[in-house]
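Here you go, one structure.
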Amino acid sequence: MRLVALTCARSEDWILGVSMRVALEWVDAVVLLDHRSEDSTQAIAHDLLSEHGPDRVRYLRRDDDVWPEMAHRQLMLEVAREMGATHLALIDADEIVTANWLPDLRTAVERLSPLETLALWMVPVWGDARHFRDDDSIWSHAYLTLAVGEDPGLAWQDREDGYCHHARAPRGAKPAAQLGDRTSGGVMHFQFLNRRRLLAKHVWYRMIEHLRWPGRQTPDQLNAKYDAALNEAGMRLSELPSPWLDVYRPLLDRHLNLDATPWYEGAISDLLATHGRSYFAGLDLKCF
């Protein structure tokens, strides 16, 4: 098996040094696509290249004005194929597999036939790097597509209406295995770790959708969709079990930077300056 991870990043230096080093513990190689980063994302990629070499780390830089997510994912897929991938790992920059899965994850991926996907339970790390949301919210019951068996029929494409946002699994993929739970761990999602970053991210998302695909969803629909990640009603937190995270503490201490200014904030200001606040009427822009 040749397992190659595909990761998109934009100014993710606050966590990228952790997530990519953990990924390289269980994948054979990483294709990292950097979209317009203005922080030290590129420097982190160069550090990874120095540590692991070009056979294990490929760095791609793109400066598209918009974020063509499907085109970026397709480009990474093509590079992974050039690297001889038989299986693909789908890892966002703010995702880290719980450490207890490291010994067995490759075996689970290797069982996948072409086109088949493996989903792992999403651990919503919330508020700090020691707790996860453990209640009845949608975030406590979500699974993330983490791997897929390579096949020429796989591809990422825009939808017929041009929509190219939030499509993690490639077209042609077929669900096969769903593993992990709140007792056995899964994929820790760190987007909920910092409230300031989370808020800016989901305001920017609704503004981008309103701008790029006007009329596809109403402002109320966009507000409802992106407010879901901000809703803490009925929230209950549990401590992350030691086997899930403790081995990563040295990496987190060295590379996790929760004080980094979220790039979304500058992007929101740019959108407001370019289009005017009235253009986004109806969208809940929170404190922006």
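The values are calculated or read from the model by the stated rules, or taken from the named source; none is laboratory data. Given the structure is predicted, the values throughout are model-derived calculations rather than measurements. A quick note on method: Cβ atoms are made from the backbone with ideal geometry, for glycine too, and the neighbour counts reach across all protein chains shown.
Inspect the range 71-83 for any residue being free of Cβ contacts under 8 Å to residues at least 12 places away in the same chain and more than 23 Å from residue 110 (Cβ to Cβ) and give the result as yes or no. Give the derivation first.
Here is the first cut: in the range 71-83, the ones free of Cβ contacts under 8 Å to residues at least 12 places away in the same chain are 78, 82.
If we keep only those that are more than 23 Å from residue 110 (Cβ to Cβ) as well, we get none.
The answer is no; no qualifying residue exists.
I'd like to check which strands (runs of 3 or more DSSP E) are fully inside the range 77-190 and have at least 1 residues that are more than 28 Å from residue 257 (Cα to Cα).
In the range 77-190, 87-90, 116-124, 143-149, 174-179 are the strands (runs of 3 or more DSSP E) which contain 1 or more residues that are more than 28 Å from residue 257 (Cα to Cα).
Looking at the range 1-57, which of its residues are part of a loop (DSSP other than H, G, I, E, B) and of a type in the set (Phe, Trp, Tyr)?
Residue satisfying the conditions is 14 alone.
Would the range 59-78 turn up any residue that is surrounded by 20 or more Cβ atoms within 10 Å (Cβ to Cβ) and β-branched (Val, Ile, Thr)?
Among the residues of the range 59-78, not one is surrounded by 20 or more Cβ atoms within 10 Å (Cβ to Cβ) and β-branched (Val, Ile, Thr), which makes the answer no.
Also, I was wondering about something else. Between residues in the range 168-181 that are closer than 20 Å to residue 141 by Cβ and residues that are modelled with pLDDT of 95 or more and assigned to a loop (DSSP other than H, G, I, E, B), which pairs lie under 7 Å by C-beta distance while being six or more apart or on different chains?
176/112; 180/186
Still on this structure, I have one more. Check 71, 129, 93, 142 and return the single one that is under 12 Å from residue 5 (Cα atoms) and either of a type in the set (Gly, Ala, Ser) or touching a His at 6+ places or on another chain (Cβ under 9 Å) (or both).
Exactly one of 71, 129, 93, 142 is under 12 Å from residue 5 (Cα atoms) and either of a type in the set (Gly, Ala, Ser) or touching a His at 6+ places or on another chain (Cβ under 9 Å) (or both), namely 93.
I've got another one for you. Tell me whether the range 79-98 contains one or more residues that are closer than 26 Å to residue 193 by Cβ and small (Gly, Ala, Ser).
Yes - at least one qualifying residue is present in the range 79-98.
Another question, then. For the range 174-204, give me each residue that is buried (at least 21 other Cβ atoms within 10 Å of the Cβ) and of a type in the set (A, V, I, L, M).
Those that are buried (at least 21 other Cβ atoms within 10 Å of the Cβ) and of a type in the set (A, V, I, L, M): 187, 188, 193, 200, 203.
Follow-up question, since we're still on this one. The conditions are (1) surrounded by fewer than 16 Cβ atoms within 10 Å (Cβ to Cβ); (2) farther than 21 Å from residue 24 by Cα; (3) modelled with pLDDT of 95 or more, and residue 128 fails exactly one of them. Which is it?
(3)
Yes or no: residue 101 crowded, with 18+ Cβ neighbours inside 10 Å, farther than 18 Å from residue 4 by Cβ, aromatic (Phe, Trp, Tyr) and out of contact with any Lys or Arg (no Cβ under 9 Å at 6 or more places or on another chain)?
For residue 101, the condition - crowded, with 18+ Cβ neighbours inside 10 Å, farther than 18 Å from residue 4 by Cβ, aromatic (Phe, Trp, Tyr) and out of contact with any Lys or Arg (no Cβ under 9 Å at 6 or more places or on another chain) - is met.
Something else now. Could you say which residue among 102, 120, 90 is of a type in the set (A, V, I, L, M, F, W, C) and within 18 Å of residue 34 (Cβ to Cβ)?
90
Any idea how many residues of the range 1-41 are among the hydroxyl-bearing types (Ser, Thr, Tyr) and surrounded by fewer than 19 Cβ atoms within 10 Å (Cβ to Cβ)?
Within the range 1-41, residues that are among the hydroxyl-bearing types (Ser, Thr, Tyr) and surrounded by fewer than 19 Cβ atoms within 10 Å (Cβ to Cβ) number 1.
Pick from the range 261-288 the residues that are acidic (Asp, Glu) and either touching a residue at least 40 places away in the same chain (Cβ under 8 Å) or touching a Leu at 6+ places or on another chain (Cβ under 8 Å) (or both): which of them is nearest to residue 206 (Cα to Cα)?
284
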